[in-house]
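The values are calculated or read from the model by the stated rules, or taken from the named source; none is laboratory data. Note that this is a predicted model, so its numbers are computed, not measured. Positions of Cβ are backbone-derived with ideal geometry, glycine not excepted, and every protein chain shown enters the neighbour counts. For the accessible areas, the whole protein counts, side chains as well, though only heavy atoms, and no ligand, DNA or RNA atoms are used. Shrake-Rupley method; radii C 1.70, N 1.55, O 1.52, S 1.80 Å.
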Amino acid sequence: MENNSSPSKEVWKRFKQNKLAFSGLLFILFLMLIGILGYLITPDQTPFANTMHLQLSNKKPGRSFDFLIISRNPDVKKVSFLEKMLSGQESDYKSIPVTSYRESGNKVYASEYIGDDEQAEESVYPLLEGKNRYSQTFWLGTDIYGRDLLSRLMIGVRVSLSVGLMAVLISLFIGISLGALAGYFGGKTDASISWFMNVIWSLPSLLLVIAISFALGKGFWQIFIAVGLSTWVDVSRLVRGQVMAMKHVEFVEAAKALGYSTPRIIIKHMLPNIAGPILVLASANFAAAILLESGLSFLGFGAQPPMPSWGGMIKEHYGYIIMDAAYLAILPGLAIMITVYAFNLLAIGLRDAFDVKSQNISV
């Protein structure tokens, strides 16, 4: 009986049998969904989830507060659905947390919240048209500036995944290009590229990224390039070895005899046969890129405030680990740990699914 299942279906079938790896993939897809929806699902929908209420600094998870809207700004432009999803919506009002509220005529009498153990005197505010008060629950508490921690963690997903994705794409482009050239042509080309790879390989990744960041400057886009330029060597070494082992097999020799160009032979005939190992390494590099970005943000070279980054959130709150607000640093640390673990599980699952260790190269 003829087997109609394609190699890709067989790989997917083997991958699904690995429950841990499949769980890792589902978690990554869940993070991607959060990153894509962004501000549409965050409690704080302002840009960078940066609404500050300093009176609410370091409030425990689950606390709820009542807020009074004390002024409105009619000049704030309402953005489109897509713009709101990508960049958030600037708030058109200013509010304060209150502990008491009463209306009398066209005035509002309210006591501003200034602490759990203190009671502020009642102040008078104008009665605004429409809704002038609301309640908000901070499910994961607030940070040192009174910002919603859950919202900033959710927006931080974008930073980690986007840096990981762009860094992996950069590393794949450089690594595959140099590795394929070195493995296919050999000789002086191989010697020159291998020497360059060994020089980069000998430098600690974090120090290399810091050096590149110094050269490019601090910022979100610069971190893409810095991390990508520090993680391509693994890909290049892998591709070089695979291409070197493959360039004398029959189908490559046949392609040369038919007069196919070198780029066509490499891109269309050789690289598809080593896609499995490359995907495995790309998954592992994704995890490494997230760790590098978090480390850089912790050191102050990554995403700059007020952009929420998991590493930056740890930097802001690591001093609270020995106090009663350790969750402020632990929660972003757990987010980094679980995300990196998920990508490592994905890499292991892909390795087993592609059977990289005993892979036979075929047309």
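The figures follow:
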{"item": "Accessible carbon and sulfur surface of the range 127-245 relative to its total accessible area, %, 1.4 Å", "result": "69"}
{"item": "Unsatisfied cross-links (Cα-Cα over 30 Å) in the set K60/K94; K84/K107; K9/K268; K59/K94; K16/K247", "result": "K84/K107; K16/K247"}
{"item": "Within the accessible area of the range 80-121 (1.4 Å probe), percent carbon and sulfur", "result": "45"}
{"item": "Positive-end extreme of charge dipole, the chain - chosen from I176, V340, A326 (charges on Cβ)", "result": "I176"}
{"item": "Tilt relative to the chain, helix 275-299 - C-alpha long axis, 0 to 90 degrees, to 10", "result": "40"}
{"item": "Surrounding net charge for A21, when Lys and Arg each add one and Asp and Glu each subtract one, Cβ distance under 15 Å", "result": "+3"}
{"item": "Peptide ranges 155-161, 78-84 listed from the most packed, as the mean C-beta count within 10 angstrom indicates", "result": "155-161, 78-84"}
{"item": "Estimated 222 nm signal from helices in the chain, with DSSP H stretches of n ≥ 4 weighted -39500 (n - 2.57), rounded to 500", "result": "-18000 deg cm²/dmol"}
{"item": "Packing rank of 102-109, 37-44, where each peptide gets the mean count of other beta carbons within 10 Å, highest leading", "result": "37-44, 102-109"}
{"item": "Aspartates and glutamates with Cα under 17 Å of K131, excluding same-chain neighbours fewer than 8 positions away", "result": "D66, D92, E103"}
{"item": "Charge-dipole axis of the range 69-184 as Lys and Arg at +1 and Asp and Glu at -1 on Cβ define it, positive-most pick from P74, S104, G88", "result": "G88"}
{"item": "Part-to-part distance (alpha-carbon centres) for the range 1-75 and the range 152-212, which is given in Å", "result": "28"}
{"item": "0 to 90° range, to nearest 10: angle between helix 232-246 axis and the chain longest Cα axis", "result": "20"}
{"item": "Simple label model, 7 Å out from Cα along Cβ direction - D355 to S71, nm", "result": "7.0"}
{"item": "Tilt relative to the chain, helix 149-185 - C-alpha long axis, 0 to 90 degrees, to 10", "result": "20"}
{"item": "Descending semi-axes in whole angstrom, ellipsoid equivalent of the range 1-63, from the Cα gyration tensor", "result": "45, 14, 7"}
{"item": "Computed Kirkwood radius, in angstrom, where 1/r is averaged over Cα pairs of the range 241-354", "result": "17.3"}
{"item": "Packing rank of 188-195, 238-245, 65-72, where each peptide gets the mean count of other beta carbons within 10 Å, highest leading", "result": "238-245, 65-72, 188-195"}
{"item": "Average silhouette area of the range 217-278, convex hull of alpha-carbon atoms, in square nanometres", "result": "5.4"}
{"item": "Estimated FRET transfer efficiency (S261, I200; beta-carbon r; R0 30 Å; 0.05)", "result": "0.55"}
{"item": "Gaussian network model of the chain, Cα within-10 Å springs - most flexible of V163, V124, V209", "result": "V124"}
{"item": "Solvent exposure of the chain as accessible area per residue, Å², 1.4 Å probe", "result": "53"}
{"item": "Portion, in percent, of the accessible area of the range 254-351 that falls on carbon or sulfur, probe 1.4 Å", "result": "72"}
{"item": "Shape category assigned to the range 293-341 from the gyration tensor of Cα positions, a/c cut at 1.5", "result": "oblate"}
{"item": "Residue among P277, P61, P126 with the largest mean-square fluctuation in a Gaussian network model of the chain, springs linking Cα atoms under 10 Å", "result": "P126"}
